[in-house]
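Student: Please read through the structure below; I'll follow up with questions.
The values are calculated or read from the model by the stated rules, or taken from the named source; none is laboratory data. Computed from a predicted structure; not experimentally measured. Cβ coordinates were reconstructed from backbone atoms using ideal geometry, including for glycine residues, and neighbour counts include every protein chain displayed.
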């Protein structure tokens, strides 16, 4: 009989475990402030986005508290039995920036292909999605239905149901992610959504022109903007954002 394999931990979970081990060893005690993200990133030889995800994990486990502009403080000691239960339930929860990277890679190429297949009906549906987003902004609504509809219509505009299913799976994963929800508890100002809507308008323009390279680049840049905005707005170490947070994909040349 084959032994049951233990699910492989994600990188942010490994970094989170290292921090918990340092708490258990007595290096940090309740009330202490953890080192800045930059320092932890250098010590662990990972990007700050991974450290950010590790700290979100520790927040969800009620081990640390984030104090905006001050730092991350230890509020409880790890409970080994509770940790095992938490891990068994949430081990498959991808980090929010890992999910954004996956979306950036997939959806930029989906938009590129969609530009070659898009129909008048698809363009009409995309305009409706933008109208929905405009209305939500005017109403100060926290509803992201228009945002999701816009991205899903682009996937469906490829006329390839497998690609549409792949994009939908990533959106569903985001909706069900406790890590994603916890990240957004650090973000109060919703003005950034106006910039994202402007990005969507650029993507739609490229699709209307049936410009594959332009659509790919516009989608890539949009999700890069999403990533950088969320990283900056959720930063608690230093208001001067230094950008050392996530490995970016090489610049895409537009032919």
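Student: Using beta carbons and a limit of 7 Å, which pairs, at least six apart or on different chains, have the first residue in the stretch 20-43 and free of Cβ contacts under 8 Å to residues at least 40 places away in the same chain and assigned by TED's automatic domain parsing to the domain that holds residue 69 and the second one part of a loop (DSSP other than H, G, I, E, B) and surrounded by 13 or more Cβ atoms within 10 Å (Cβ to Cβ)?
Tutor: If the second residue must be part of a loop (DSSP other than H, G, I, E, B) and surrounded by 13 or more Cβ atoms within 10 Å (Cβ to Cβ), the pairs left are 22/28.
Student: Within 30 Å of residue 169 (Cβ to Cβ), out of contact with any strand residue (DSSP E or B) (no Cβ under 8 Å at 6 or more places or on another chain) and modelled with pLDDT of 90 or more: is that true of residue 59 in this structure?
Tutor: Here the answer is no, as residue 59 does not meet what is asked.
Student: Which one of 163, 126 is farther than 17 Å from residue 104 by Cα, over 15 Å from the mean Cα position of the chain (by Cα) and surrounded by 16 or more Cβ atoms within 10 Å (Cβ to Cβ)?
Tutor: Answer to the check: 126.
Student: Just to be sure before I move on: is residue 190 modelled with pLDDT under 95 and assigned to a helix (DSSP H, G or I) in the structure I sent?
Tutor: When the stated conditions are applied, residue 190 does not pass them.
Residue-by-condition table, conditions (1) out of contact with any helix residue (DSSP H, G or I) (no Cβ under 6 Å at 6 or more places or on another chain); (2) in a helix (DSSP H, G or I):
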site	(1), (2)
104	no, yes
111	no, yes
121	yes, yes
125	no, yes
131	yes, yes
140	yes, no
162	yes, yes
165	yes, yes
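Student: If you don't mind, another one. In contact with a helix residue (DSSP H, G or I) (Cβ under 6 Å, 6 or more places away or on another chain), at pLDDT 90 or above and not in a loop (DSSP other than H, G, I, E, B), is that true of residue 23?
Tutor: No; evaluated as a whole, the condition is false for this residue.
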